[in-house]
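Accompanying notes for the structure given below.
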Amino acid sequence: MDKYNIPLGTLVEVKHIDLQADKKNHGVRLYVVAHHKDAKGTPIYSLGLKGETNALKMYNGYYEENLKVIDKISVELTKDEINDIVQWGNTCEEEGWLIEKEVNLKDRLSKII
């Protein structure tokens, strides 16, 4: 049984392989958000935004040889850091800097930790 060499939460970069479909994803950096196995039991990885749990928002089916590890350290935000970011986001919104008004930054960041 093969083991997963890339832990959950690791930032990876997608490497281009010979398939034309993968050319568009070359160089994309996402986090490993789930581990799976193919029909032969070989580990495959699902990628997405950090902490993503919605399977519909994951990019599935990446083999280890198609991924380059960028950062194995998973940095978590403290509550104070989240509050600082939210305060900055609220200031930006008040000043009219944010275009997307429907984003609830605090809720999105809270899901990360």
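Specify the residue that is surrounded by the fewest Cβ atoms within 10 Å (Cβ to Cβ); the eligible residues are those in the stretch 33-61 that are modelled with pLDDT under 90 and basic (Lys, Arg).
LYS57
Can you pull out the residues in the stretch 5-32 that are at pLDDT 90 or above and more than 12 Å from ILE70 (Cα to Cα)?
Of everything in the stretch 5-32, just one residue is at pLDDT 90 or above and more than 12 Å from ILE70 (Cα to Cα), namely ASN5.
Taking interchain pairs and intrachain pairs at least six residues apart, which have beta carbon atoms under 9 angstrom, with the first residue in the stretch 32-56 and assigned to a helix (DSSP H, G or I) and the second of a type outside the set (A, V, I, L, M, F, W, C) and surrounded by 14 or more Cβ atoms within 10 Å (Cβ to Cβ)?
What qualifies is ALA55/SER46.
The values are calculated or read from the model by the stated rules, or taken from the named source; none is laboratory data. What you are looking at is a predicted structure, and each value in this text was computed from that prediction instead of being measured. Cβ atoms come from the backbone with ideal geometry, glycine included; neighbour counts cover every protein chain shown.
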